[in-house]
Amino acid sequence: MREAITVQTVVNAPGATVWESWNKPEYIIGWAFASADWEAPAAENDLRVGGKFRTVMAAKDKSTSFDFTGTYTAVKENELIEYDMDDGRHVKVEFENTPNGVKVTETFEPEDKNPLEMQRSGWAAILDNFRKFVESHNK
């Protein structure tokens with residue numbers, strides 16, 4: 001197994017807003033993509049241990065799409081989410097209140113198909129998109 005990759009950002013918004021933006025499907029579709037030529041046209045989220053989630057990630061030109069899916073293994077409101085993706089890789093997302101906002105730290109097991117730096121930059125871009133989405137909707 002390859003070493004886990006960690007990405008993080010600080011979101012300048014209240015903890016409850018950050019949590020809600022991360023978990024509500026109507027918000028997920030506003031940020032769950034890495035670049036402006038992609039979108040998330042649909043999302044479902046059953047946020048509880050054993051619950052499942054699905055986010056459709058698609059190129060805006062309709063050339064490709066895929067479902068990002070998994071099952072929750074730990075949920076601690078406003079603090080922690082852990083899940084296993086359907087391919088078996090584990091992800092841990094931590095939410096920590098700081099003087100500058102909520103630090104969101106995502107640690108994931110990489111897959112074997114793409115270079116590690118490509119995976120790190122993709123997940124970091126989605127996390128940055130999340131930060132921008134929350135901050136622009138929390139004015």
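Tell me which of ILE5, GLY30, SER63 sits at the most positive position along the dipole axis of the chain, charges placed on C-beta atoms (Lys, Arg +1; Asp, Glu -1).
Toward the positive end, the furthest listed residue is GLY30.
Projected onto the charge dipole of the chain (+1 at Lys/Arg Cβ, -1 at Asp/Glu Cβ, origin at the Cα centre), which of PRO14, GLY51, ALA74 gives the Cα projection farthest towards the positive end?
PRO14
Length gain on complete extension for the stretch ASN114 to ALA42, per 0.36 nm per residue less the alpha carbon to alpha carbon distance?
23.4 nm
Too long at a 21 Å Cα-Cα cut-off: which of LYS24/LYS76; LYS60/LYS103; LYS76/LYS132; LYS24/LYS103? Intermediate values should be presented prior to the final figure.
Working: LYS24/LYS76 15 Å; LYS60/LYS103 30 Å; LYS76/LYS132 24 Å; LYS24/LYS103 19 Å.
Violating the 21 Å Cα-Cα cut-off are LYS60/LYS103; LYS76/LYS132.
Let me have the 222 nm mean residue ellipticity of the chain computed from DSSP H runs of 4+ only, each contributing -39500 (n - 2.57), with the sum over all residues rounded to the nearest 500.
The helix contribution divided over the chain gives -7500 deg cm²/dmol.
Could you list VAL134, VAL7 in order of exposure, starting from the residue whose Cβ has the fewest other Cβ atoms within 10 Å?
Ordered by Cβ neighbours within 10 Å, fewest first: VAL7, VAL134.
Can you classify segment 25-107 as rounded, prolate or oblate using the Cα gyration tensor, where a ≥ b ≥ c are the square roots of its eigenvalues, rounded means a/c under 1.5, and otherwise it's prolate if a/b beats b/c and oblate if not?
Oblate.
Using the count of nearby Cβ atoms within 10 Å as a rough guide to exposure, how do ILE5, ILE126 rank from fewest to most?
Lowest count first: ILE5, ILE126.
Which of the three applies to the chain, rounded, prolate or oblate, going by the alpha-carbon gyration tensor with a ≥ b ≥ c and a/c under 1.5 meaning rounded? Show your work: numbers first, answer last.
Values: a/c = 1.32, a/b = 1.15, b/c = 1.14.
Note, shape of the chain comes out rounded.
Charges only on Cβ, +1 for Lys and Arg, -1 for Asp and Glu: so what's the dipole of the chain about the Cα centre, in debye to the nearest 20?
Details: 16 positive and 24 negative charges, 57 e Å.
Here the chain has a charge dipole of around 280 debye.
In nm, to one decimal, how far is the modelled label at ASN78 from the one at LYS60, with both set 7 Å along Cα→Cβ?
3.6
Using each residue's phi in segment 123-131, evaluate 6.51 cos²θ - 1.76 cosθ + 1.60 at θ = phi - 60° and report the 3J(HN,Hα) Karplus result to the nearest Hz, with x for Gly and Pro.
Result, ordered by residue: 5, 5, 5, 5, 5, 5, 4, 4, 4 Hz.
Read-outs throughout are calculated quantities, based only on the coordinates presented, and are distinct from any laboratory measurement. Since the structure is predicted, the reported quantities are computational estimates derived from the model, not experimental observations. No Cβ is skipped: glycine too gets one built from the backbone with ideal geometry, and neighbour counts run over all protein chains shown.
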